[in-house]
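First up is the structure itself, then whatever we jot down about it.
Read-outs throughout are calculated quantities, based only on the coordinates presented, and are distinct from any laboratory measurement. Note that the structure is predicted; figures quoted are calculated from it, not measured. Glycine also receives a Cβ, built like all others from the backbone with ideal geometry; neighbour counts cover every protein chain displayed.
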């Protein structure tokens, strides 16, 4: 199982797109948050989604989103989990799945804000102030620690084409070292 972490706008979704093109299955933790928020009629803006995610963590434990995401994982060896935010989530995955590899994606804040503005998701902020509020919320959850604990780090500071090439190189390196990653057995 591969797990991706990184600050908003760093390039996690693009990383996942490359992985999916290679045969990985995406389990997106943020989608699990949004799915559950919709069931509770939570507005899909950044502030309300963030508050909802925080309240659920307070109520059910810091690993609640890992637990809820794990329910949809059928083939962990070829799954890429997107959106790890804290050490408790990491511990949950490591205690319940074998061969967990964590990859952190890094990009500077100027590049991240530009990407956030360009992708224009309804739950994104579109200025430095809003991005800093979201960054601070995610840092309060513990994302900084899981970034520091990653097995691999990839820096996203070039063109999209170059980043995709670097992701492909990293994924092939990981696959070569992990024989359990076998796309043929998933068919």
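At a glance:
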item: Meets criteria (in a helix (DSSP H, G or I), crowded, with 21+ Cβ neighbours inside 10 Å and out of contact with any strand residue (DSSP E or B) (no Cβ under 8 Å at 6 or more places or on another chain)) for residue 113; result: yes
item: Single unsatisfied condition, residue 26 versus (1) crowded, with 18+ Cβ neighbours inside 10 Å; (2) touching a strand residue (DSSP E or B) at 6+ places or on another chain (Cβ under 8 Å); result: (1)
item: Qualifying position, being touching a residue at least 24 places away in the same chain (Cβ under 8 Å), crowded, with 16+ Cβ neighbours inside 10 Å and more than 21 Å from residue 126 (Cβ to Cβ), among 77, 91; result: 77
item: Residue selected from region 118-143 under the condition part of a loop (DSSP other than H, G, I, E, B) and out of contact with any helix residue (DSSP H, G or I) (no Cβ under 7 Å at 6 or more places or on another chain), by the criterion surrounded by the fewest Cβ atoms within 10 Å (Cβ to Cβ); result: 120
item: Failed condition for residue 102, given (1) out of contact with any strand residue (DSSP E or B) (no Cβ under 6 Å at 6 or more places or on another chain); (2) touching a residue at least 24 places away in the same chain (Cβ under 8 Å); (3) within 27 Å of residue 18 (Cβ to Cβ); result: (1)
item: Breaking point among (1) over 20 Å from residue 11 (Cβ atoms); (2) within 15 Å of the chain's Cα centre (by Cα); (3) surrounded by fewer than 17 Cβ atoms within 10 Å (Cβ to Cβ), for residue 72; result: (2)
item: Residue within region 163-175 that is surrounded by fewer than 16 Cβ atoms within 10 Å (Cβ to Cβ) and assigned to a loop (DSSP other than H, G, I, E, B) present; result: no
